[in-house]
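Report on the following structure.
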Amino acid sequence: MALLSLPIREQTLLVAAAGKQKLGHALREAIAHRGYLFMTLAFFACGFQLVFITTHLPAYLQLCGVAPGVGASALALIGLFNTVGTYAFGLLGARYSQKHLLALIYLLRTLFIVGFLLVPVSATSTLVFAAAMGLLWLGVAPLVTGIIGRVFGLSHFNTLYGIVFLSHQVGSFFGAWMGGIVYDRTGSYDVAWGALIAIGALAFALQWLMDERPPRERPSLASAAA
């Protein structure tokens, strides 16, 4: 990856010409932008759901009497279908509302989790669930990056996306940690699955309500309305 990234250095002049905004001002602008905060919180929920599944799904399947090999196959299917879903949502994001597509991903993930818990757990239901989750796994990445680039520009894109992704990683930690704590305390994953459903519904609501207007447009619109 490091070798492949070297030719990209020649394109930095295009980004540098985008504007002279300083990093501190860009950070203050983003933090004051309600839509950016909503998307950052929703991305926390994204990491929370996904890393709980990758960490605890095999153990949950063993509790349900499913063969251990099914857990490994499920994780492999997630990776396989992830390649398709990420590419597909990248294409869709170029044609349709990126914030609504993001919200749709969070909603569908949550509905698939509910469906998985409602049907008897078996090898077949697990593999179908894994394929469905794989299609929605990293489809968020091209949509989030697209929104940040369109709303805030590219001058400080890496920093702004890094903050959003940090939220994802913090959510990932809490998702894995929460699952272990819940199982140690209760002997089951029921409460943990309930937390995944609740946080997924919250992420859908936050993302759907996100204000995706660039910061410089919002004051002008408000003054025009006045």
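Pick out the one residue from Gly194, Gly200 that is surrounded by fewer than 16 Cβ atoms within 10 Å (Cβ to Cβ) and at pLDDT 95 or above. Full working, then the answer.
Values: Gly200 fails: surrounded by fewer than 16 Cβ atoms within 10 Å (Cβ to Cβ).
Criteria check complete, one pass: Gly194.
Just checking, does segment 56-74 include any residue being modelled with pLDDT under 90 and either touching a His at 6+ places or on another chain (Cβ under 6 Å) or of a type outside the set (Asp, Glu) (or both)?
In the first step, residues of segment 56-74 are kept if they are modelled with pLDDT under 90; the result is 68.
Those left that are additionally either touching a His at 6+ places or on another chain (Cβ under 6 Å) or of a type outside the set (Asp, Glu) (or both): 68.
So far as segment 56-74 goes, yes, one or more of its residues are modelled with pLDDT under 90 and either touching a His at 6+ places or on another chain (Cβ under 6 Å) or of a type outside the set (Asp, Glu) (or both).
Could you tell me how many of the residues in segment 156-196 are of a type in the set (A, V, I, L, M) and within 17 Å of the chain's Cα centre (by Cα)? Walk me through it before giving the result.
The first filter runs over segment 156-196 and keeps only residues of a type in the set (A, V, I, L, M), leaving 160, 163-164, 166, 170, 176, 178, 181-182, 191-192, 195-196.
Going one step further and asking which of them are within 17 Å of the chain's Cα centre (by Cα), we end up with 160, 163-164, 166, 170, 176, 195-196.
Number satisfying all stated conditions: 8.
Only one of these is part of a helix (DSSP H, G or I), among the basic types (Lys, Arg) and open to solvent by 50 Å² or more (accessible area, probe 1.4 Å): Arg213, Arg185. Name it.
On the way: Arg213 fails: part of a helix (DSSP H, G or I).
Among Arg213, Arg185, only Arg185 is part of a helix (DSSP H, G or I), among the basic types (Lys, Arg) and open to solvent by 50 Å² or more (accessible area, probe 1.4 Å).
For Ile181, state whether it is without any contact (Cβ under 8 Å) to a residue 40 or more places away in the chain and farther than 28 Å from Leu80 by Cβ.
Working: without any contact (Cβ under 8 Å) to a residue 40 or more places away in the chain: yes; farther than 28 Å from Leu80 by Cβ: yes.
Against the criterion (without any contact (Cβ under 8 Å) to a residue 40 or more places away in the chain and farther than 28 Å from Leu80 by Cβ), Ile181 qualifies.
Among (1) open to solvent by less than 60 Å² (accessible area, probe 1.4 Å); (2) polar (S, T, N, Q); (3) part of a helix (DSSP H, G or I), which single condition is Gln169 missing?
Condition (1) is where Gln169 drops out.
Before we move on, is Phe52 within 16 Å of Arg109 (Cα to Cα), at pLDDT 95 or above and open to solvent by 40 Å² or more (accessible area, probe 1.4 Å)? Break it down into steps so the answer makes sense when it comes.
On the way: within 16 Å of Arg109 (Cα to Cα): yes; at pLDDT 95 or above: yes; open to solvent by 40 Å² or more (accessible area, probe 1.4 Å): no.
When the stated conditions are applied, Phe52 does not pass them.
The values are calculated or read from the model by the stated rules, or taken from the named source; none is laboratory data. Note that the structure is predicted; figures quoted are calculated from it, not measured. All Cβ positions, even for glycine, are placed from backbone atoms using ideal geometry, and neighbour counts span all protein chains on display. Ligands, DNA and RNA are excluded from the accessible area calculation, which covers all protein heavy atoms including side chains. Shrake-Rupley method; radii C 1.70, N 1.55, O 1.52, S 1.80 Å.
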